[in-house]
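Encoded as structure tokens, the structure appears first; notes follow it.
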Amino acid sequence: TVVDPSGEIAPAASGKAGGFLALDWNDYSPVGELARRSFQLHQQLADTLGADNIQYRRLTCASINVNPAVVAARPKGKKLEGVEWAQDGLEEGHDPVLGMRPLGDENTIAQVHPKRLCQNLWSAVSKPESDGGVGSQLIQGKVVGPVHDDEGKFVGVKLEDGSLIEADAVVFACGPWTANVMTGVKYHSVVIPTPRVLSQCVFFSGCGDPEVYVRPDSTAYCTGFPDGATKVTEEPGQEEVRPEAVEQIVSAVRLASGGSETGSALEAEPTLTQACYLPTTPDS
């Protein structure tokens, strides 16, 4: 049984993040082995749940150095080798791309749609046991305290509305809402339609360093410009989306990918704007 105030599956960062997966970016760090195992598990989940159902795929990634004020020596239309789309629709005589560095290929880079992954996982476990699930239930509410029997044994929890749920164990999964134990960093993101299916995620260096995670449904998830770490007070799934933060991201990715706000692969209007908090701790 899952108890959540929103009554939804993955209403916050678990459903709003970029879904970018890298096999070896955390090597030689305390979480290196965990990251590698996570990469493998996502492949296994794609095989089990269906890659198309969760928008899982392998792709490439690059770091692209840009400066929108640069008038390039390269003729218009002559692209850097290895740059898939970030030089589309350049202004005459302008090319903001100064250089690129590959960050991974299909052997080390993958992606998934976080919301779809969580929804498909929940669909699998909420099926009855006769259908291969475990009959999990989602209850909208807040746990306010434990319930013990006459002998002091823990037997469940009490919800804010006074109802009781029987249980022999409780796991708290609060993320950035874990009171003073950790803080949250607020990120805004937008989803922009692309003229075709793209297959290279890009970390731009310059123009505010926006990040673009292209998806197999001809869209691009764009983010950047995080707020400072703070104690989270907004409710999960009800985070305020600031228009100026959205505009900052949209302008940055368009300038970085085309030298202007028109003509780039990301010139279409966003179909989704959102915000979420990523949990942070002092020791990362």
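Every read-out reported here was derived from the displayed coordinates using simple, explicitly stated rules and does not represent laboratory data. The structure presented is a predicted model; accordingly, all values stated were derived computationally and were not measured. Cβ placement follows ideal geometry from the backbone for every residue including glycine, while neighbour counts extend to all protein chains displayed.
Details
- Residue exposure sequence - R37, R57, R242 - by fewest surrounding Cβ within 10 Å: R37, R242, R57
- In summary, the stretch 173-284 shows an alpha-carbon radius of gyration equal to 1.15 times the 2.2 N^0.38 Å reference for compact globular proteins.
- Distance violations [Cα-Cα > 28 Å] among K127/K231; K142/K231; K142/K186: K127/K231
- Summed residue charge, Cβ within 12 Å of K186's Cβ, Lys/Arg positive, Asp/Glu negative: -1
- Between the stretch 207-259 and the stretch 162-203, the alpha-carbon center distance in angstrom: 15
- Within the chain, longest stretch clear of exposed chymotrypsin sites (Phe, Trp or Tyr not before Pro) (DSSP loop, no more than 15 other Cβ within 10 Å): 29-171
- Relative frequency of Cα-Cα separations exceeding 30 Å in the chain, percent: 40
- Ranked packing of 155-162, 129-136, most packed first, by mean Cβ within 10 Å: 155-162, 129-136
- For the stretch 106-119, 3J(HN,Hα) computed residue by residue from phi via the Karplus equation (6.51, -1.76, 1.60; θ = phi - 60°) reads 5, 7, 10, 10, 8, 8, 8, 8, x, 5, 5, 4, 4, 5 Hz, glycine and proline entered as x.
- Note on the chain: GNM, Cα springs under 10 Å; of P236, P195, P30, the largest mean-square fluctuation is that of P30.
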